[in-house]
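A.B. asks: Let me begin by handing over the structure; questions about it come next.
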Amino acid sequence: MKKTKEVVIEKFLLFSALITILTTIGIVLVLAIEAFKFFREVSVFEFLTDTEWTPLFTKKRFGILPLLSGTFLTSIIAIAVALPIGLTIAIFLSEYAPRKFREYIKPSLEMLAAVPTVVYGFFALTVVTPFLQTIIPGMSGFNSLSAGIVMGIMIIPIISSLSEDALRAVPNSLREASYGMGSTRLQTAFKVTVPAASSGIVVSIILAISRAIGETMIVAIAAGQQPRLTMNPLVPVETLTAYIVQVSLGDVPHNSLEYRTIFAAGITLFIFTFILNNISHWIKNKYREKYD
Amino acid sequence: MNYRSETQELIMKKDTMDTPVETNETKKPKKDQEYKIITRNLDVFYGEFQALKNINMKILPYSVTALIGPSGCGKSTYLRVFNRMNDYIDDFRIEGDVIVDRKNIYTEKIEIEQLRKDVGMVFQKPNPFPKTIFENVAYGLRIQGVKDKHFINEKVESSLKQVTLWDEVKDNLKKNALALSGGQQQRLCIARTLAVEPEVILMDEPTSALDPISTGKIEELLFDLKNEYTIVIVTHNMQQAARVSDHTAFFYMGDLIEEGKTTQIFTKPSNKRTENYITGRFG
């Protein structure tokens with residue numbers, strides 16, 4: 001009796017585990033099949049080299065570069081905001097802040113990650129952009145700068161929280177050794193703790209980049225929907241994710257070439273985040289047992 | 001007990017070796033200026049808990065002073081008072097005077113970084129930085145802003161030679177220090193401390209994580225080092241205290257029970273608890 005119960009539970013647990021794996025495989029398969037159909041009609045060469053992305057126009061062009069540039073521009077701005085702030089917070093919390101203070105601040109920082117991204121999107125569009133327009137006249141209502149800045153604020157907790165974990169994992173004996181030789185806290189932080197935690201910090205940055213590349217709502221709302229091969233942060237652009245939203249919500253007929261473009265965009269996005277996540281995984285494993 | 005006789009034998013040997021100097025020294029009482037470290041009426045608290053009670057002790061320069069006592073007796077706390085290493089503990093509080101080189105290090109305006117350059121520390125577990133062997137030894141000079149490459153190279157070499165590690169690592173200075181054995185790591189940590197030219201070296205059970213051969217090497221090292229430095233060592237190992245130290249202080253539950261010449265503490269301790277401890281009856 002007991003034995004059957006055990007077996008049932010075991011099978012159930014295995015089944016639950018399999019569901020997530022099968023779902024992932026399913027998603028990748030659908031992406032791959034639809035993208036394959038797309039690439040039967042559009043050459044990979046054109047897809048990768050054409051500088052225009054106009055699948056919804058009468059004169060169709062299928063160059064992914066404008067969408068990629070939009071994604072990278074917003075992500076770079078986001079990292080430029082999140083990296084210095086996130087790292088400063090992490091160093092402050094792990095090396096300077098009293099324990100009590102840290103215990104209050106860290107959870108409230110992580111609240112930033114709990115804000116729905118649509119709220120961030122509206123914040124970018126209705127607060128940050130008008131504010132930036134007063135400083136930079138001529139900036140358009142949709143632009144990658146304010147979307148990127150707000151996205152940066154959103155990913156601060158990823159960097160600060162994971163980096164702080166990495167810094168705190170550095171054995172205290174190293175800090176003591178450094179203090180014991182007459183280092184200041186700042187010297188200890190930058191010459192001992194940060195280098196010792198570097199693999200964890202790099203992982204946090206990669207995960208933050210991955211999150212920024214995949215982020216949809218903020219850029220769809222605040223960055224615009226105009227695929228444009230540009231590095232100008234003041235004009236509307238469109239990211240891979242925003243394009244997918246645009247087509248999914250529009251009235252493009254299923255199984256048309258236009259419809260399949262979102263799978264081509266989707267698989268491009270997937271490849272990037274997949275590679276980044278694997279790099280971070282690899283770094284984490286490689287340096288895991290460097291110190292005890 | 002076999003253990004006791006061994007320790008005593010050691011002391012006997014030492015006694016005969018040191019006698020002429022020792023008697024000479026004991027003849028005239030010393031002035032305070034001649035001591036490297038003096039503590040007066042020292043109380044240390046962690047919150048409500050009093051870790052050290054009214055400690056009065058003087059430490060001579062160019063000698064090895066051993067702090068012994070059972071776990072939790074306050075000997076490590078006492079050691080860490082001398083380079084203000086306890087300052088990072090949240091509810092640490094101190095009363096009384098701690099005078100290092102005629103300066104009260106807790107009340108006078110001193111730079112804590114300078115204090116720690118003068119009063120170096122070697123820890124219980126070897127704790128080299130996850131950097132190269134070279135960078136470990138050069139670290140102290142680099143944080144002082146020394147840029148002169150030639151000087152750094154020479155200092156690294158001489159420090160490694162002082163701890164007799166040079167011949168073992170001279171071809172691998174670029175290797176990560178964590179690849180060294182435990183004993184080598186600990187000698188590297190001592191070299192790292194020596195490189196900043198301290199006057200006092202505090203050692204917190206420096207051999208407790210090491211094998212007997214590495215322990216022997218470090219003890220040998222102490223004999224050489226005491227000619228140039230003042231060494232205070234915390235140890236759990238009675239025989240080690242007997243072998244390496246000139247003076248011994250016995251701590252018990254936050255009190256300094258007894259201190260004096262190692263030969264005297266180990267052969268005719270005046271306190272019953274000291275005797276019980278060093279003969280292994282408790283602790």
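The values are calculated or read from the model by the stated rules, or taken from the named source; none is laboratory data. Please read all numbers here as calculations on a predicted model, not as lab measurements. With ideal geometry, Cβ positions are generated from the backbone for all residues, glycine too; neighbour counts draw on all protein chains shown. All accessible areas refer to the heavy atoms of the entire protein, side chains included, with ligands and DNA or RNA removed. Shrake-Rupley method; radii C 1.70, N 1.55, O 1.52, S 1.80 Å.
A.B. asks: Equivalent-ellipsoid semi-axes (√(5λ), Cα gyration tensor) for the protein assembly as shown, whole Å, largest first? Let's see the in-between values first.
C.D. replies: Details: eigenvalues 853, 133, 103 Å².
So the equivalent ellipsoid measures 65, 26, 23 Å along its semi-axes.
A.B. asks: Which whole-Hz couplings ³J(HN,Hα) result when phi for each residue of the stretch A:157-170 is put into the Karplus expression 6.51 cos²θ - 1.76 cosθ + 1.60, θ = phi - 60°, listed in order with x for Gly and Pro?
C.D. replies: Result, rounded to whole Hz: x, 4, 5, 5, 6, 5, 5, 5, 4, 5, 5, 6, 6, 5.
A.B. asks: Spelling out what I want: for every residue of the stretch A:77-92, take phi, set θ = phi - 60°, compute 6.51 cos²θ - 1.76 cosθ + 1.60 (Karplus), and round to whole Hz; glycine and proline get x.
C.D. replies: For the stretch A:77-92, the Karplus curve yields 4, 4, 5, 4, 7, 6, 5, x, 5, x, 5, 4, 4, 4, 5, 4 Hz.
A.B. asks: Another question, if that's okay. Based on the alpha-carbon gyration tensor of the stretch B:207-256 and its eigenvalue square roots a ≥ b ≥ c, which shape applies: rounded if a/c is under 1.5, prolate if not and a/b is larger than b/c, or oblate?
C.D. replies: Numbers: a/c = 2.42, a/b = 1.32, b/c = 1.83.
Oblate, since a/c reaches 1.5 and b/c is not below a/b.
A.B. asks: Give me log10 I(q)/I(0) at q = 0.09, 0.10, 0.14, 0.21 Å⁻¹ for the stretch B:117-270, Debye formula, one equal scatterer per alpha-carbon, no solvent.
C.D. replies: Each listed q corresponds, in turn, to -0.31, -0.38, -0.69, -1.34.
A.B. asks: Let me ask something else about it. Could you tell me the relative contact order of chain A? Use alpha-carbon pairs under 8 Å, at least six residues apart, and round to a whole percent. Present the calculation step by step, with values, prior to reporting the outcome.
C.D. replies: Numbers: 400 pairs, mean separation 74.5, N = 292.
Once divided by the residue count of chain A, the mean separation gives 26 percent.
A.B. asks: If you look at just the Cα atoms of the stretch B:57-189, how large are its Rg and its Dmax in Å?
C.D. replies: 17.2, 49
A.B. asks: Ok, one more. Per residue, what accessible area does the stretch A:49-291 have, given a 1.4 Å probe and all protein chains present, in Å²?
C.D. replies: On the way: 10870 Å² over 243 residues.
Here the residues of the stretch A:49-291 average 45 Å² of exposed surface.
A.B. asks: On each of the three principal axes of the Cα atoms of the stretch A:161-210, give max minus min coordinate, whole Å, ordered largest first.
C.D. replies: Result, largest extent first: 40, 16, 14 Å.
A.B. asks: Accessible area of the stretch A:1-135 with a 1.4 Å probe: how many percent of it is carbon plus sulfur?
C.D. replies: Using a 1.4 Å probe with all protein chains present, the stretch A:1-135 comes out at 76 percent carbon and sulfur.
A.B. asks: Check A:Thr54: other-chain or 5+ apart residues with amide H under 5 Å from its amide H, H built from backbone geometry?
C.D. replies: Hits under the 5 Å cutoff: A:Arg61, A:Phe62, A:Gly63.
A.B. asks: On to the next question. Quick one: if the Förster radius is 60 Å, what FRET efficiency do B:Asp171 and A:Thr58 give, using the C-beta to C-beta distance and rounding to 0.05? Don't skip to the end; give the middle numbers.
C.D. replies: Numbers: r = 72 Å, r/R0 = 1.20.
Efficiency, rounded to the nearest 0.05: 0.25.
A.B. asks: Which residues' amide hydrogens lie under 5 Å from the amide hydrogen of B:Val122, considering only partners 5 or more residues apart or on another chain, with H built in the peptide plane?
C.D. replies: B:Leu202, B:Met203, B:Asp204
A.B. asks: Convex hull volume of the Cα atoms in the stretch A:222-292, per residue, in Å³?
C.D. replies: Numbers: hull volume 10.7 nm³, N = 71.
In the stretch A:222-292, the Cα convex hull volume per residue is 151 Å³.
A.B. asks: I would also like to ask the following. If I histogram all Cα-Cα distances within chain A using bins 10 Å wide from 0, what percent of pairs lands in each bin?
C.D. replies: 6, 22, 26, 23, 15, 7, 1, 0
A.B. asks: Step through the residues of the stretch B:98-110 one at a time and calculate ³J(HN,Hα) from phi using the Karplus curve (6.51 cos²θ - 1.76 cosθ + 1.60, θ = phi - 60°), rounding each to whole Hz and writing x for Gly and Pro.
C.D. replies: After applying 6.51 cos²θ - 1.76 cosθ + 1.60, I find 10, 10, 10, 6, 6, 10, 6, 6, 9, 10, 6, 6, 10 Hz.
A.B. asks: Rounded to a whole number of µm²/s, how large is the Stokes-Einstein D of chain B at 37 °C and 0.692 mPa s, given Rh as the Kirkwood radius over C-alpha pairs?
C.D. replies: Numbers: Rh = 19.7 Å.
It comes out at roughly 167 µm²/s.
A.B. asks: In addition: Nearest-5 percent of antiparallel DSSP beta bridges in the protein assembly as shown? Don't jump to the answer; show the numbers that get you there.
C.D. replies: Details: 25 of 42 bridges.
Antiparallel bridges make up about 60 percent of those DSSP assigns within the protein assembly as shown.
A.B. asks: Towards the positive end of the charge dipole of chain A, with charges on Cβ (+1 Lys, Arg; -1 Asp, Glu), say which of A:Ile21, A:Ile77, A:Ala222 has the farthest Cα.
C.D. replies: Ranked along the dipole, the leading option is A:Ile21.
A.B. asks: Can you tell me, using C-alpha contacts under 8 Å and at least 6 residues apart, the relative contact order of the stretch B:128-283 as a whole percent? Can you show the working numbers first?
C.D. replies: Numbers: 174 pairs, mean separation 28.3, N = 156.
Normalised by residue count, the contact order of the stretch B:128-283 is 18 percent.
A.B. asks: GNM on chain A, C-alpha springs below 10 Å: top fluctuator among A:Ile91, A:Ile25, A:Ile221?
C.D. replies: Taking springs between Cα atoms under 10 Å, the residue moving most is A:Ile25.
A.B. asks: Now for a different question. Just the number, please: buried accessible area between B and A, total of both chains, 1.4 angstrom probe, nearest 100 square angstrom. Could the numbers behind the result be given before it?
C.D. replies: On the way: alone 14080 and 16100 Å², together 28270 Å².
The B and A chains share an interface burying roughly 1900 Å².
A.B. asks: A further question follows. For the stretch B:144-231, what does the alpha-carbon gyration tensor say about shape, rounded, prolate or oblate, given a ≥ b ≥ c as the root eigenvalues, a/c under 1.5 as rounded, and a/b over b/c as prolate? Intermediate values should be presented prior to the final figure.
C.D. replies: Numbers: a/c = 1.92, a/b = 1.21, b/c = 1.58.
Here the stretch B:144-231 falls in the oblate category.
A.B. asks: Using a 1.4 Å probe over the heavy atoms of the protein chains, calculate the carbon and sulfur portion of the accessible area of the stretch B:116-165 as a whole percent.
C.D. replies: Accessible surface attributable to carbon and sulfur in the stretch B:116-165 totals 51 percent.
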